[in-house]
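Bear in mind these aren't lab numbers, they're just calculated from the coordinates by the rules spelled out. No experiment lies behind these values; they were computed from the predicted model shown.
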Amino acid sequence: MIDPGSDRHMLALRGFYLPPRRVDVEAILRDPVARRALRIRSVIALQARAGTTTTRDQAAAAVDRVERRAR
């Protein structure tokens, strides 16, 4: 996903082709902060696909609940 505040986002909105950037997935999964951010963004995206608008705070609360239950 392109960060909405970035120049890449503005170029994508204008129809420019932007080749995908490489992402070190293992590094994201090792870093607890990045892993949590990924989970939050995933919850928001999945809810959007289902037609439900979810705020970042709602998604963060859902991620926290799931993590607490997993312990």
**Report entry** Shape call, segment 22-71: gyration tensor on alpha carbons, a/c limit 1.5
**Finding:** oblate
Query raised in the report: By how many nm would the segment from residue 58 to residue 36 grow when fully extended, if each residue of separation counts as 0.36 nm and the alpha-carbon distance is taken off?
Result: 6.6 nm
Query raised in the report: Tell me, what ³J(HN,Hα) does each residue in segment 32-47 have, in order and in whole Hz, if you take phi through Karplus 6.51 cos²θ - 1.76 cosθ + 1.60 with θ = phi - 60° and put x for Gly and Pro?
Result: x, 5, 5, 4, 5, 4, 5, 5, 4, 5, 5, 4, 4, 5, 5, 5
